[in-house]
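**Q** Sharing a structure below in structure tokens format, with a few things to ask.
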Amino acid sequence: MALTGIQIYKLLPQTNCKECSFPTCLAFAMKLAAKQVELSACPYVTEASKKQLAESAAPPIRLITLKSNGTEVKIGNEVCMFRHEKTFYNKPGLFLRVKASDPDLAKKVAEADAYKVNYVGMDFSLDGFAIEADGDFVAVVKAVREVTKRPLILIGNDAALLDSALSLLPGERALIYAADSSNFESLADAAKKHKAALAVTADSLDTLADLTQRVQSKGVQDMVLDLGGKNLGEWLTRSTQARRLALKSNFKPLGYPTIFFAAQNGVDKEAVYAAQAISKYAGFVVLDTFAPEMIYSLLVLRENIYTDPQKPIQVQPGIYEINSPKPESPVLVTTNFSITYFAVANEVEGSGLPAWLVVTDAEGMSVLTAWAAGKFDAERIAKAIKGFDVASKVSKKQIILPGHVAVLSGELEEELADWEIRVGPREAVDLPAFMKQVLN
Amino acid sequence: MPIEIPKDKWPGSIKAITIGATPAEGGTRATTITVGGQTTLPYLQFEAPTPHKPVIAIEIRSRNPDDWSPLLVEAWGDGMADPAQWAKKAEEAGADLIVLALTLEDSPEDAVKAVKSVLDATGLPLVVWGPGQAEKDNDLLVAVSEATKGERLLLGICEDKNYRTIVATAMANGHLVQARTPMDVNLSKQLNILISDMGMPKDRIIMDPTTGALGYGIEYGYSVMERLRLAALQGDAMTQFPMLVTPGFEAWKTKEAKVGDGVPEAWGDWKNRSIHWETLTTIALVEAGADIVVLRHPESVKRVRDAIEELMVPA
Ligand code: B12
Ligand code: SF4
């Protein structure tokens, strides 16, 4: 947790010698708190104060980056308990667990690796794989590296085996799962040697905090916490407590992101477990089932929870061409809220029918929200039609309004006297039928 | 050394509110349900026990809906043609209470008949919704309210434009009201104030902050619920009501749940996807503080119930 100016002042020499070019130590402290100067400008700070200031400047939840030669996943660095307080920053990594003993492993990984789904214009996929060392581990890690470039979690407790597996991943940063009080020394050595992150596990937060300190004294900084917990309620409790300790008490021993295994109580509960983990602060969520419908649902939930509440996801206002429209193709009007735009664009595109889609600047709001807020009215629509010079592109001056804002048609006729205003269906799903039957 | 866990102690709490009345209490219900009563954030039982678990309502209709997903039709079968049958099936599927939604085609007599038949068919507490058109809502709900005096039904949906008549009839006949506002903390507060100012007792208001489905604005509803709950615990009396949300309605409106053909292959199996859509929407809202969740598919009911049981295990 960042220190206040007064707290920093107490750590300075308090001699007001002005060498930092500020009139007083307090003035310098205030600038430091605002991150507008560097501590090195004061030649007289003690080593002890320097250390304390450096610690307080570190993020309360450490940023952990897993890296392969293809992609990277960043977790941690979070600053709040509730998304409305600021935002949640680094989306939890979704990893699929595979067992080294599984004869179909390479095929499974290849299939999951290729998985890609589009949600409002963004492509999402899984973030990586967790390999369980219950077979010929080294051979399997090699085989997996041939079919995916994504970051890996290596699950095992045999340090020598982990060491040989990690040797196959030069230049990468993997995560080792997991060190406990009995094996942390050897696992920490392996992690340090290969610059891997290390997950640590214990059966209570007390023992976990103790363990992270011991691992740290072995020279490993990048840790991930397995909080344990037998059911949803227990995990929610621990996750909340760990996050609070890190953010509110600035308790460093638990200032790390967490890892959660969603199928720990069976695959029937996997989706629900993962959903709670995504909403409630998990850093890595490990799944056992590759089912596209579940992965898609979870990826969307993750995107929604991690969307910045201050900025609705938007598309650029403008005129969009769908299926190569010609001058006689219809002109559809909608707002620039991403979910709205893609609901409409996907339907029209899927139907194969050409259209001009005019996206107005409604400050990223849905049709009805924008209408209720006065951001999608006749004036704004007319401004868009004129501003994007739609008339120069079409031969048929006809505009299709969303059915939900049928009330706008009168006013819009006044604003755009030479255009014919028509009201389309309420829902985008019904647009293709409307375009086929009503417009032709 | 044991860590000192930071604990919140709040000045405010949520009202415990009971829906339904037994014969001894002036109604006919075999069971009643009580929700609310929390003194801290959802399921943080290391701070305070969760006095009442969130409950699951199943939504049924007075007339067979012609626009519901075939997956829902498959789940409820013939039951959908008759509200009494449907209510019985909903009870078997594990509902804690029933939501009966009336339709525009219902006359006040039809509405009363449908409500009575559901009350006869099941002993569960009942929520009754008008069709969602102010004038029609008033017509139907007043008739229903008078014909069921003393049942402690939850009547909805009260919005800023039509709350007066519904609140008045609920007050006169011993029912509760569902106060809905479009995802805004201040609007929720305002409507609760307006309803209270009419003299409605505070133990007869349930607030409905509105939600969006997974992928369709759930994050707005989620954060508004978290903020409402925080405001209530901080002591704002006009937000200290239990929350009802309608993830079933929202989820089954989405293309993901509604459409099986012609969708991207990456969306996977239709039926499982629909259930995930409804279940995950619900779980997120339960985490954000929902006290009553209104669902549509029996399989989602089962999964949500399992999750609630786990959240209720004392710390
Ligand atoms: C999420 C939401 C919000 C979010 C905003 C999200 C956003 N970025 O827009 C927030 C919380 C900020 C919000 C705020 C408000 N909201 Co609001 N909100 C919603 C909610 C729940 C979902 C909207 C949504 O995202 N829908 C999904 C998108 C995809 O739908 P859509 O844009 O309409 O697009 C569909 C169709 O219109 C159609 N379509 C779109 N374009 C086109 C084009 C053509 C040619 C055709 C044919 C079809 C078509 O296809 C799409 C898919 O079918 C709705 C209620 C609900 N469940 O629907 C209320 C709702 C829209 N909100 C409402 C209100 C009143 C407001 C506020 C004024 C009140 C307030 N809370 O202060 C504010 C206004 C904003 C402001 N002043 O800042 C009301 C509007 C009532 C009305 N009829 O006027 C609604 C309907 C809730 C209600 N029942 O009262 N809201
Ligand atoms: S240089 Fe250091 S000691 Fe001198 S005034 Fe600045 S902060 Fe104070």
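**Q** Scanning for something at pLDDT 95 or above, in contact with a His (Cβ under 9 Å, 6 or more places away or on another chain) and within 12 Å of chain B (Cβ to nearest Cβ), does the range A:251-271 turn up at least one residue?
**A** Yes: one or more hits.
**Q** What's the number of the only condition in (1) open to solvent by 10 Å² or more (accessible area, probe 1.4 Å); (2) closer than 20 Å to residue B:301 by Cα that residue B:98 fails to meet?
**A** (1)
**Q** Now for a different question. If you scan the range A:308-337, which residues turn out to be surrounded by fewer than 19 Cβ atoms within 10 Å (Cβ to Cβ) and among the hydroxyl-bearing types (Ser, Thr, Tyr)?
**A** A:324
**Q** Now for a separate question. If you take the residues of the range A:29-45 that are aliphatic (A, V, I, L, M) and closer than 30 Å to residue A:245 by Cα, which of them is farthest from ligand 2 (Cβ to nearest atom)?
**A** A:34
**Q** Can you give me the number of residues within the range B:128-164 that are acidic (Asp, Glu), crowded, with 17+ Cβ neighbours inside 10 Å and closer than 23 Å to residue B:188 by Cβ? Don't jump to the end; show me each part of the working.
**A** Taking the range B:128-164 first, the residues acidic (Asp, Glu) are B:135, B:137, B:139, B:146, B:151, B:159-160.
Now restrict to residues that are crowded, with 17+ Cβ neighbours inside 10 Å: B:137, B:139, B:151, B:159.
After this cut, where a residue has to be closer than 23 Å to residue B:188 by Cβ as well, the list is B:137, B:159.
Going through the range B:128-164 one residue at a time, the tally reaches 2.
**Q** Separate question: When you scan the range B:288-312, how many residues do you find that are within 10 Å of another protein chain (Cβ to nearest Cβ), under 15 Å from the mean Cα position of the chain (by Cα) and open to solvent by 10 Å² or more (accessible area, probe 1.4 Å)?
**A** Residues that pass the stated criteria total 0.
**Q** Moving to a separate point now. Kindly provide the set of residues from the range A:29-69 that are assigned to a loop (DSSP other than H, G, I, E, B) and under 22 Å from residue A:89 (Cβ atoms), ordered by number. Outline the logic, then answer.
**A** Going residue by residue through the range A:29-69, those that are assigned to a loop (DSSP other than H, G, I, E, B) are A:34-38, A:42-46, A:58-63, A:68-69.
Residues satisfying the conditions are A:34, A:35, A:58, A:59, A:60, A:61, A:62, A:63, A:68.
**Q** Shifting gears a bit: Residue A:359 passes all but one of (1) open to solvent by 10 Å² or more (accessible area, probe 1.4 Å); (2) in contact with a helix residue (DSSP H, G or I) (Cβ under 9 Å, 6 or more places away or on another chain); (3) in a strand (DSSP E or B); which number fails?
**A** Tallying (1) open to solvent by 10 Å² or more (accessible area, probe 1.4 Å); (2) in contact with a helix residue (DSSP H, G or I) (Cβ under 9 Å, 6 or more places away or on another chain); (3) in a strand (DSSP E or B), residue A:359 fails exactly one: (1).
**Q** Now, a different point. Among the numbered criteria (1) more than 14 Å from every other protein chain (Cβ to nearest Cβ); (2) closer than 18 Å to residue A:173 by Cα, which single criterion is violated by residue A:126?
**A** Failed condition: (1).
**Q** Taking the range A:290-335 as the search range and keeping residues that are within 21 Å of the chain's Cα centre (by Cα) and either more than 14 Å from chain B (Cβ to nearest Cβ) or of a type in the set (S, T, N, Q) (or both), which one is farthest from ligand 2 (Cβ to nearest atom)?
**A** Of everything passing the filter in the range A:290-335, A:297 is farthest from ligand 2 (Cβ to nearest atom).
**Q** Another question, then. Which residue is farthest from ligand 2 (Cβ to nearest atom), if the candidates are limited to the range A:46-71 and must be β-branched (Val, Ile, Thr) and over 19 Å from residue A:256 (Cα atoms)?
**A** If we take residues in the range A:46-71 being β-branched (Val, Ile, Thr) and over 19 Å from residue A:256 (Cα atoms), then A:71 is farthest from ligand 2 (Cβ to nearest atom).
**Q** A further question follows. Among the listed residues B:141, B:153, B:244, identify the single one that is without any contact (Cβ under 8 Å) to a residue 40 or more places away in the chain, touching a strand residue (DSSP E or B) at 6+ places or on another chain (Cβ under 8 Å) and more than 14 Å from chain A (Cβ to nearest Cβ).
**A** Numbers: B:153 fails: without any contact (Cβ under 8 Å) to a residue 40 or more places away in the chain; B:244 fails: without any contact (Cβ under 8 Å) to a residue 40 or more places away in the chain.
Within the list B:141, B:153, B:244, the selection yields B:141.
**Q** Would you check if there is a residue in the range B:258-270 being buried (at least 24 other Cβ atoms within 10 Å of the Cβ), more than 9 Å from chain A (Cβ to nearest Cβ) and of a type in the set (Asp, Glu)? Show your work before the answer.
**A** Here is the first cut: in the range B:258-270, the ones buried (at least 24 other Cβ atoms within 10 Å of the Cβ) are none.
Within the range B:258-270, none of the residues are buried (at least 24 other Cβ atoms within 10 Å of the Cβ), more than 9 Å from chain A (Cβ to nearest Cβ) and of a type in the set (Asp, Glu).
**Q** Tally the residues that are more than 7 Å from ligand 2 (Cβ to nearest atom) and assigned to a helix (DSSP H, G or I), restricting the search to the range A:1-28.
**A** Summing the residues that are more than 7 Å from ligand 2 (Cβ to nearest atom) and assigned to a helix (DSSP H, G or I) in the range A:1-28 gives 9.
**Q** Quick test for you: out of A:11, A:32, pick the one residue that is more than 16 Å from ligand 1 (Cβ to nearest atom), under 15 Å from residue A:57 (Cβ atoms) and modelled with pLDDT of 90 or more.
**A** Details: A:32 fails: modelled with pLDDT of 90 or more.
Step by step, each of A:11, A:32 is checked, and only A:11 is more than 16 Å from ligand 1 (Cβ to nearest atom), under 15 Å from residue A:57 (Cβ atoms) and modelled with pLDDT of 90 or more.
**Q** Follow-up question, since we're still on this one. Only one of these is within 14 Å of another protein chain (Cβ to nearest Cβ), in contact (Cβ under 8 Å) with a residue 60 or more places away in the chain, crowded, with 20+ Cβ neighbours inside 10 Å and within 14 Å of ligand 1 (Cβ to nearest atom): A:367, A:344. Name it.
**A** A:344 is the lone residue from the list that is within 14 Å of another protein chain (Cβ to nearest Cβ), in contact (Cβ under 8 Å) with a residue 60 or more places away in the chain, crowded, with 20+ Cβ neighbours inside 10 Å and within 14 Å of ligand 1 (Cβ to nearest atom).
**Q** Residue under question is residue A:111, and the condition is that it be touching a Pro at 6+ places or on another chain (Cβ under 7 Å) and within 26 Å of residue A:304 (Cα to Cα); does it hold? Quick ask: steps written out before the conclusion?
**A** Numbers: touching a Pro at 6+ places or on another chain (Cβ under 7 Å): no; within 26 Å of residue A:304 (Cα to Cα): yes.
Against the criterion (touching a Pro at 6+ places or on another chain (Cβ under 7 Å) and within 26 Å of residue A:304 (Cα to Cα)), residue A:111 does not qualify.
**Q** Next question. For the range A:170-193, give me each residue that is surrounded by fewer than 22 Cβ atoms within 10 Å (Cβ to Cβ) and farther than 21 Å from residue A:209 by Cα.
**A** Of everything in the range A:170-193, those that are surrounded by fewer than 22 Cβ atoms within 10 Å (Cβ to Cβ) and farther than 21 Å from residue A:209 by Cα turn out to be A:170, A:171, A:172, A:173, A:193.
**Q** Residue by residue through the range A:205-250, note down the ones that are under 26 Å from residue A:275 (Cα atoms), at pLDDT below 95 and at the interface with chain B (Cβ under 10 Å from one of its Cβ atoms).
**A** Residues satisfying the conditions are A:230, A:247, A:248.
**Q** Which residue out of B:164, B:180 is free of Cβ contacts under 8 Å to residues at least 60 places away in the same chain, basic (Lys, Arg) and within 16 Å of ligand 1 (Cβ to nearest atom)? Before the answer, list the steps.
**A** Values: B:164 fails: within 16 Å of ligand 1 (Cβ to nearest atom).
Of the residues listed, the single one that is free of Cβ contacts under 8 Å to residues at least 60 places away in the same chain, basic (Lys, Arg) and within 16 Å of ligand 1 (Cβ to nearest atom) is B:180.
**Q** Looking at the structure I just gave you, is residue A:19 closer than 30 Å to residue A:282 by Cα, away from ligand 1 (no atom under 16 Å from the Cβ), away from every other protein chain (no Cβ under 14 Å) and of a type in the set (Asp, Glu)?
**A** On the way: closer than 30 Å to residue A:282 by Cα: no; away from ligand 1 (no atom under 16 Å from the Cβ): yes; away from every other protein chain (no Cβ under 14 Å): yes; of a type in the set (Asp, Glu): yes.
So residue A:19 fails the test.
**Q** Just to verify a result, which residue in the range A:161-190, among those that are of a type outside the set (Ser, Thr, Tyr) and free of Cβ contacts under 8 Å to residues at least 24 places away in the same chain, is farthest from residue A:201 (Cα to Cα)? Before you say what the answer is, go through the steps one by one.
**A** Residues of the range A:161-190 of a type outside the set (Ser, Thr, Tyr): A:161-163, A:165-166, A:168-176, A:178-180, A:183-185, A:187-190.
Those left that are additionally free of Cβ contacts under 8 Å to residues at least 24 places away in the same chain: A:170, A:176.
Numbers: A:170: 26, A:176: 11 Å.
Applying the filter and picking the extreme gives A:170.
The values are calculated or read from the model by the stated rules, or taken from the named source; none is laboratory data. Note that the structure is a prediction, hence the values are computed from the model and not measured. Backbone-built Cβ (ideal geometry, glycine too); neighbour counts: all protein chains shown. Accessible surface is based on the protein model in full, side chains and every heavy atom, while ligands, DNA and RNA are left aside. Shrake-Rupley method; radii C 1.70, N 1.55, O 1.52, S 1.80 Å.
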